[in-house]
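Q: Here it is, the structure in full.
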Amino acid sequence: MMAKVGLKAEHLHRYPHMFFGGQRQRIAIARGLMLEPDIVIADEPVSAMDVSVRAQVLNLMMDLQQDFGLLYVFIFHDLSVVEHIADEVMVMYLGRCVEKGTKKQIFGYPRHPYTQVLLSATPRLNADLRRERIKLTGELPSPIDPPPGCAFAARCQHAFAQCRHSRPELTSYHGQ
Ligand code: SF4
C-alpha cells in the first residue's frame, strides 16, 4: 500500500514528524485504503498545501480511484479544485443543497444565485470563462437558528418578499 501511494519502503520506520505535509496525506490515504472501502469521503483533502503538492495528491487520488474502483465524495471550498476533479457537483448553503448537477451544468450554467456568487469569485486562467464579480453582502445566518424562508434571502441580489417566508422546493432543471 505504501508503494501504491508513492511512499518508499525505508519510510516505514520513520516518525510522523519526519514526513512533509504531502507525505502525511499519502499516509492518511494509505490508512484509509487498507480498509478496502467502496466509498471514500474526503473533507478538504488538499487544504493548506502548496499548489504543486496539491496537484500531486489529487492526481494520486485520481489514479487510486481507477486502481481500486473507488467512489469519492469530496467536500471542498475551492471551486477551481472541484472543476478539476468532479463529475457531479452539489452546492450547499447553510447545510442545505441549493443546486446540483454535472460539472458542465454547474460551471457552465449556474442557476442558483449563491452558485453564481461562488463562481464569480473563482479565479480562471481562461479569460472567456471569467465572470463579473458579484459581491456578497449581509451576514451568514446562524445554522442553529436559520431564518424562515430561503436561508440565502438576506444576501441574495434577486430576493423578493416571498423569499423571506417560503423556501422553494429543489427541482430538476437543465433538462434532467
Ligand atoms: S432569496 Fe429568493 S431568489 Fe434568492 S436564492 Fe433564495 S429563493 Fe432564490
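The values are calculated or read from the model by the stated rules, or taken from the named source; none is laboratory data. As the structure is a computational prediction, the values presented were derived from the model and not from experiment. For neighbour counting, all protein chains shown are included, and Cβ atoms are generated from backbone atoms with ideal geometry for every residue, glycine included. Protein only, heavy atoms only, side chains kept; ligands, DNA and RNA dropped before computing areas. Shrake-Rupley method; radii C 1.70, N 1.55, O 1.52, S 1.80 Å.
Q: Could you tell me whether any residue of region 137-145 is part of a loop (DSSP other than H, G, I, E, B), touching a residue at least 60 places away in the same chain (Cβ under 8 Å) and within 13 Å of the ligand (Cβ to nearest atom)? Walk me through how you get there before you give the answer.
A: Quick first cut of region 137-145, residues part of a loop (DSSP other than H, G, I, E, B) only: 137-145.
Pick out the ones that are also touching a residue at least 60 places away in the same chain (Cβ under 8 Å) and you get none.
For region 137-145, residues part of a loop (DSSP other than H, G, I, E, B), touching a residue at least 60 places away in the same chain (Cβ under 8 Å) and within 13 Å of the ligand (Cβ to nearest atom): absent.
Q: Moving on to the next point. Determine whether region 101-110 contains at least one residue that is under 18 Å from the mean Cα position of the chain (by Cα), more than 30 Å from P37 (Cβ to Cβ), in contact (Cβ under 8 Å) with a residue 40 or more places away in the chain and surrounded by fewer than 18 Cβ atoms within 10 Å (Cβ to Cβ). Can you show your working first?
A: So the first thing to find is which residues in region 101-110 are under 18 Å from the mean Cα position of the chain (by Cα), and the list is 101-110.
Pick out the ones that are also more than 30 Å from P37 (Cβ to Cβ) and you get 108-110.
Pick out the ones that are also in contact (Cβ under 8 Å) with a residue 40 or more places away in the chain and you get 109.
Then drop every residue that is not surrounded by fewer than 18 Cβ atoms within 10 Å (Cβ to Cβ), which leaves 109.
Among the residues of region 101-110, at least one is under 18 Å from the mean Cα position of the chain (by Cα), more than 30 Å from P37 (Cβ to Cβ), in contact (Cβ under 8 Å) with a residue 40 or more places away in the chain and surrounded by fewer than 18 Cβ atoms within 10 Å (Cβ to Cβ), which makes the answer yes.
Q: Tell me, which residue of region 85-101 that is among the aliphatic types (A, V, I, L, M) and assigned to a loop (DSSP other than H, G, I, E, B) is farthest from C150 (Cα to Cα)?
A: We begin by selecting, within region 85-101, every residue among the aliphatic types (A, V, I, L, M); these are 85-86, 89-92, 94, 98.
Narrowing further to those that are assigned to a loop (DSSP other than H, G, I, E, B): 86, 94.
Numbers: A86: 27, L94: 10 Å.
Per the stated criteria, the residue is A86.
Q: Sticking with this structure for a sec: What is the number of the single condition among (1) farther than 21 Å from H158 by Cα; (2) at pLDDT 90 or above; (3) open to solvent by 70 Å² or more (accessible area, probe 1.4 Å); (4) not charged (D, E, K, R) that M92 does not meet?
A: (1)
Q: Something else about it: Consider V73 carefully, then state whether it is in contact with a Leu (Cβ under 6 Å, 6 or more places away or on another chain) and open to solvent by less than 90 Å² (accessible area, probe 1.4 Å). Outline the logic, then answer.
A: On the way: in contact with a Leu (Cβ under 6 Å, 6 or more places away or on another chain): no; open to solvent by less than 90 Å² (accessible area, probe 1.4 Å): yes.
Judged against the criteria, V73 is not a match.
Q: Now for a separate question. Do any residues in region 60-73 that are over 18 Å from L7 (Cβ atoms) have Cβ atoms under 6 Å from those of residues that are open to solvent by 40 Å² or more (accessible area, probe 1.4 Å), where the two are at least six apart or on different chains, and which pairs are they?
A: Correct list of pairs: L71/I39; V73/I41.
Q: Still on this structure, I have one more. What do you reckon, is T122 within 27 Å of L58 (Cα to Cα), within 21 Å of the chain's Cα centre (by Cα) and in a loop (DSSP other than H, G, I, E, B)? Let's see the steps before the verdict.
A: Numbers: within 27 Å of L58 (Cα to Cα): yes; within 21 Å of the chain's Cα centre (by Cα): yes; in a loop (DSSP other than H, G, I, E, B): yes.
So T122 fits the description; yes.
Q: Still on this structure: Confirm whether V57 is surrounded by 16 or more Cβ atoms within 10 Å (Cβ to Cβ), in a helix (DSSP H, G or I), touching a Phe, Trp or Tyr at 6+ places or on another chain (Cβ under 8 Å) and free of Cβ contacts under 8 Å to residues at least 40 places away in the same chain.
A: Values: surrounded by 16 or more Cβ atoms within 10 Å (Cβ to Cβ): yes; in a helix (DSSP H, G or I): yes; touching a Phe, Trp or Tyr at 6+ places or on another chain (Cβ under 8 Å): no; free of Cβ contacts under 8 Å to residues at least 40 places away in the same chain: yes.
When the stated conditions are applied, V57 does not pass them.
Q: Shifting gears a bit: If the requirement is being surrounded by 13 or more Cβ atoms within 10 Å (Cβ to Cβ), in a loop (DSSP other than H, G, I, E, B), within 13 Å of the ligand (Cβ to nearest atom) and on the phi < 0 side of the Ramachandran plot, which of these qualifies: C163, C150?
A: On the way: C163 fails: in a loop (DSSP other than H, G, I, E, B).
Just a single option satisfies the conditions, and that option is C150.
Q: To continue, here is another question. What are the pairs, 6+ residues apart or on separate chains, where a residue within region 77-99 that is without any contact (Cβ under 8 Å) to a residue 40 or more places away in the chain has its Cβ under 8 Å from a residue that is in a loop (DSSP other than H, G, I, E, B) and of a type in the set (F, W, Y)?
A: Sorted first by the residue in region 77-99, then by its partner, the pairs are V82/F76.
Q: Within region 121-132, can one find any residue that is within 12 Å of the ligand (Cβ to nearest atom) and either within 20 Å of H84 (Cα to Cα) or open to solvent by 60 Å² or more (accessible area, probe 1.4 Å) (or both)?
A: If we filter region 121-132 for residues that are within 12 Å of the ligand (Cβ to nearest atom), which is where we start, we get none.
Checked against the condition, which is being within 12 Å of the ligand (Cβ to nearest atom) and either within 20 Å of H84 (Cα to Cα) or open to solvent by 60 Å² or more (accessible area, probe 1.4 Å) (or both), region 121-132 yields no hits at all.
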